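**Q** Got a structure for you, questions after.
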Amino acid sequence: MEKRSNWLKNLVLLLSWLYFFVLLVWLLLYLFTGDDNGFLGLFNAFAVYLFVPLPLVLLVALGTRNLPLIGGSVIFVAVFFTFWGNLFLPRSLPQDEAMALRVMTYNIFGRGRALQPVLDTIALEQADVVFLQEVTFEAADALQTDFGETYPYQLMRARAGAGGLGVISKYPLTIQDGSPPGDWGKGVQILSMDWDGITITLINFHFETTNLGRLMRIDEQFREREGNAQALADYVTGYLGDQLVIAAGDANTVHLSKAYQSITATGLRDAWWEAGSGLGNTFPGSPFPNTNRVSLGRSPLGSLALPEWLVRIDYIFYSPNWQAVEAHVADVNGGSDHRGVVTELIIFQEQ
């Protein structure tokens, strides 16, 4: 019996060290190559799930009093908190009486057929301004019909399929720049909003997607997305100066990517990173109400029953003269394969 117990203990320790080896290989590849290789970049999008077994390994290390294993566990706990810890730490957000602007971004799934759940989600969130991606002609008409009074200011660039964009607002909107330089992927809107006498630049974007049906072009898709992000970064730094800016949309990338990092390098802040709680995953979800049948677009796999909300690819970025006081993901029940992101922003006041 004792011999069997020792064999089991040694097996568990061996598996624990193999697990650490896998984590170490991923960490080194990420630190030295990032997403230069598209397949590794795709793997990085799900890298957080590599750390799911870590608490169990830590318990094994403590239970066996194996000091090297305890040390390895502490190191990888530190790695996890370096990349994701900010999303799980207690927030110290301002309890400010200043007027807040409620902002929402939502990819409403241009290939979908169930518009009513999308409209219900928008109505429930009661945002002051809503950035929309994949706006079809049908969706644009429905938004005008259902929200013409609530959101009297609507600027649409509707398209068939996934290329449409739109912004609906309780405050006046005008087109600020109809043809900004650079490659913006599936499209961009650059608008001005008059928020009770305060001018705000709104940038509604939709970056290049990762098409699982064209995996042999995955490197090219990552480079295209980096170019899209650079167009946003260049526009913010080159044209907007100290203006109040909100840039929101579907970036089709995670916060470990070079595309994301080029955006935040401009000083733009990520509302979820600053004020959200948890991973805040927004994709993929089922566009079919009351199911978990996840659509995989034009990939050969079609649609599968998969876990929903695996990655965070939808963002609200804002200039440093704002401060996020709250952020959450919208409750959905079909209609889109994305969840909306909602935040409340106040103009930053130095203490």
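Just so you know, all these numbers are worked out from the coordinates, no wet-lab data involved. Here the structure is a predicted model, which is why all the values come from computation and not from measurement. Using ideal geometry, Cβ is built from the backbone for each residue, glycine included, and neighbour counts are taken over all protein chains shown.
**Q** Pick from ASP36, ASP337, ASP270 the residue whose mean-square fluctuation is largest in a GNM of the chain, springs joining Cα atoms under 10 Å.
**A** So, out of ASP36, ASP337, ASP270, the one fluctuating most is ASP36.
**Q** Of the listed values (1) 18.4; (2) 20.8; (3) 29.6, identify the label whose number matches mean projected area of the Cα convex hull in nm² calculated from this model.
**A** Evaluating mean projected area of the Cα convex hull in nm² on these atoms matches (2).
**Q** To the nearest whole percent, what portion of all C-alpha pairs in the range 75-158 is separated by more than 20 angstrom?
**A** More than 20 Å apart: 50 percent of the Cα pairs in the range 75-158.
**Q** Further question on the same structure: How high is the FRET efficiency from PHE348 to LEU59, r the C-beta distance, R0 35 Å, rounded to 0.05?
**A** E(calc), rounded to 0.05, equals 0.25.
**Q** Another question about this same structure. With springs connecting C-alpha atoms under 10 Å apart, model the chain as a Gaussian network and identify which of VAL74, VAL311, VAL341 has the largest mean-square fluctuation.
**A** With Cα springs under 10 Å in the chain, the top fluctuation among VAL74, VAL311, VAL341 is at VAL74.
**Q** Suppose we look only past 23 Å in the calculated P(r) of the range 2-87. What percent of the Cα-Cα pairs does that tail hold?
**A** So the portion of pairs separated by more than 23 Å is 29 percent.
**Q** Given R₀ = 25 Å, FRET efficiency for LEU28-ASN321 by Cβ-Cβ distance, to 0.05?
**A** Details: r = 39 Å, r/R0 = 1.55.
The calculated FRET efficiency here is 0.05.
**Q** Given the -39500 (n - 2.57) contribution per DSSP H run of 4+ residues, what per-residue ellipticity at 222 nm results for the chain, rounded to the nearest 500 deg cm²/dmol? All intermediate terms of the calculation are to be shown ahead of the outcome.
**A** Values: 9 runs with 120 residues, N = 351.
Per the formula, -11000 deg cm²/dmol.
**Q** Would you work out which of ALA162, TYR106, GLY148 lies farthest towards the positive end of the dipole of the range 90-203, given +1 charges on the beta-carbon of Lys and Arg and -1 on that of Asp and Glu, about the Cα centre?
**A** Result: ALA162.
**Q** Can you tell which of GLN221, ALA78, THR210 lies farthest toward the positive end of the dipole of the chain, using +1 and -1 charges on the Cβ of basic and acidic side chains (Lys, Arg; Asp, Glu)?
**A** Ranked along the dipole, the leading option is ALA78.
**Q** Over all distinct alpha-carbon pairs, what is the Kirkwood Rh of the range 51-196 in angstrom?
**A** 19.0 Å
**Q** Of all alpha-carbon pairs in the range 119-197, indicate the percentage at a distance above 14 angstrom.
**A** 61 percent
**Q** Multiply the residue gap between ALA114 and ARG91 by 0.36 nm, knock off their C-alpha separation, and tell me the result in nm, one decimal place.
**A** Result for the pair: 4.6 nm of gain on full extension.
**Q** With +1 assigned to the C-beta of every Lys and Arg and -1 to the C-beta of every Asp and Glu, and no other charges, what is the dipole magnitude of the chain about the Cα centre in debye, to the nearest 20? Write down the numbers at each step before the final one.
**A** Working: 22 positive and 34 negative charges, 352 e Å.
Value, rounded to 20: 1700 debye.
**Q** Also, quick follow-up: Charges on Cβ only, +1 for Lys and Arg, -1 for Asp and Glu, centred on the Cα centroid of the chain; of PRO287, GLY241, GLY340, which one is farthest towards the dipole's positive end?
**A** The residue sitting farthest along the positive end of the dipole is PRO287.
**Q** In addition: With only Lys, Arg, Asp and Glu charged, each at its Cβ (+1 for the first two, -1 for the last two), find how big the charge dipole of the range 220-273 is about the Cα centre; round to the nearest 20 debye.
**A** My answer is approximately 100 debye.
**Q** Name the residue, out of LEU27, LEU101, LEU67, whose mean-square fluctuation peaks in a Gaussian network model built on the chain with Cα pairs under 10 Å.
**A** LEU67
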